[in-house]
Amino acid sequence: MQDGEQRGPGPGGEPCCGSAATPAQDGERVEGGPGGAPSAARVAIFTDETGWHTRRVRQALARRGFEGRCVDLADCRFDTAASPHGLVIPGFGRSLPRAALVRGIAGGSLEQITKRLGILHALRELGVPVYNDARAIERSVDKAMTSFLLHRAGVPTPPTWALEDEAQARRILMREAAAGHSLVLKPMFGSQGKGLQRVGAVDGGFVPLPPLSTVGGLAYLQRFVPQPESPTAPGFDWRVLVVGGRACAAMKRVSAHWIRNVARGARCVPCVLDPGLAALAEAAAEALGMDYAGVDLLPDCANPYGAQVIEVNGVAAWRGLQRVTGFDIAQALVDDLLARRLGVAVDGALAQVCHF
Ligand SMILES: Nc1ncnc2c1ncn2[C@@H]1O[C@H](COP(=O)(O)OP(=O)(O)O)[C@@H](O)[C@H]1O
Ligand SMILES: [Mg+2]
């Protein structure tokens, strides 16, 4: 459950500290006060995979005097017998992290995902700042809820339908095709551009809706926003990073294919973050209640804003963006977490990143 760059520890991978490497043991050393008080300067980095991102976050935390400990949410558990607060976070003994940054949540069964998100909800209930909060992550992972919240906040986003009635879905498709539109059928919990299909009026023909039984019994359909697609002028998406409510950096993801995820081979190209684009991305992040977000937008000349927001990633990868921007994204995230959520004085927090 994270956004779409290729991940993996690679040659520079680091050992996972605290979770798979050192699973919680009953009778683990007690740290912090008897009531399970937060560890003074330890921040949990929730991730199912360690490597470039987690290394950057740990370095950024270390620069501010904090220790980042990587923990897999799959290894955390509810245990009301083990500690006063009722959680076991491997690597933290009976204490709690001072804060948590969510970098990745492994896919799993509905029950497993519910428990993993439940740990994040529980930390919030215990007063531990979680960045992004579980509620915000849930909103962003659920594409239908994202579309609803963007629409409700008046953020331009393509017309979208999410429904279980196959006959009704086919009627929508026919109506849209008659108006010359194709639709994008997306997995509701999809990421990395996987499983997207264009249906309806495509390239002069008609592509029917597949049986909904093949897509989890749910049709999430979004009007296709056409882009110029040619070898000389390939189309692009924008990715805008919003940190602490402010748009900080942007890039174009350029590809001749209509699906322009980095994981699908799109090229990351630096671009200027103009105020209009920044305002749209900030409004999108606010609509979903995000501490930080990777906002995906498509250019759309037919729209008065010149763009449409299609996705708000609450567990955003930033390696591609870091390649084309001069500031330190991990430091910006850490500084925002420490300054805004923990009240820690961080010199020049965000000053390095927000430049229009
Ligand atoms: N409505 C749309 N119109 C045109 N292109 C789209 C549309 N929706 C998605 N795409 C393309 O597909 C990519 C992946 O779609 P997205 O909704 O972000 O799903 P994912 O979660 O898999 O990244 C987008 O970055 C964009 O390039
Ligand atoms: Mg996307």
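Here is how the numbers come out for the structure above:
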| item | result |
| --- | --- |
| Those residues of region 246-274 which are over 25 Å from Gln197 (Cβ atoms) and out of contact with any strand residue (DSSP E or B) (no Cβ under 9 Å at 6 or more places or on another chain), in sequence order | Arg246 |
| Every pair of residues 6+ apart whose Cβ atoms lie under 7 Å, when the first sits in region 305-316 and is assigned to a loop (DSSP other than H, G, I, E, B) while the second is near ligand 1 (Cβ under 8 Å from one of its atoms) | Val315/Asp3; Ala316/Asp3 |
| Residue in region 289-298 that is acidic (Asp, Glu), outside any loop (DSSP other than H, G, I, E, B) and more than 10 Å from ligand 1 (Cβ to nearest atom) present | no |
| The listed residue being outside the structural domain of Leu209 (by TED's automatic domain parsing) and touching a strand residue (DSSP E or B) at 6+ places or on another chain (Cβ under 6 Å), out of Leu120, Leu185 | Leu120 |
| Answer from Ala316, Ala302, Ala285 - the residue that is within 21 Å of Arg135 (Cβ to Cβ) and at pLDDT below 95 | Ala316 |
| Search result, residues across region 183-220 that are more than 30 Å from Gly107 (Cα to Cα) and buried (at least 17 other Cβ atoms within 10 Å of the Cβ) | Gly200, Ala201, Val207 |
| Single condition Ala81 does not satisfy, out of (1) surrounded by 15 or more Cβ atoms within 10 Å (Cβ to Cβ); (2) at pLDDT below 95 | (1) |
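Results for (1) farther than 21 Å from Gln322 by Cβ; (2) crowded, with 21+ Cβ neighbours inside 10 Å; (3) of a type in the set (A, V, I, L, M); (4) more than 13 Å from ligand 1 (Cβ to nearest atom), shown as yes or no for each residue.
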site	(1), (2), (3), (4)
Ala233	yes, no, yes, yes
Gly245	no, no, no, yes
Ile259	yes, no, yes, no
Val262	no, yes, yes, no
Gly265	no, no, no, no
Val269	no, no, yes, yes
Leu280	yes, yes, yes, yes
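The values are calculated or read from the model by the stated rules, or taken from the named source; none is laboratory data. Keep in mind it's a predicted model, so treat the numbers as computed, not measured. Because the Cβ atoms are built from the backbone with ideal geometry, glycine has one as well, and the counts that use them run over all protein chains shown.
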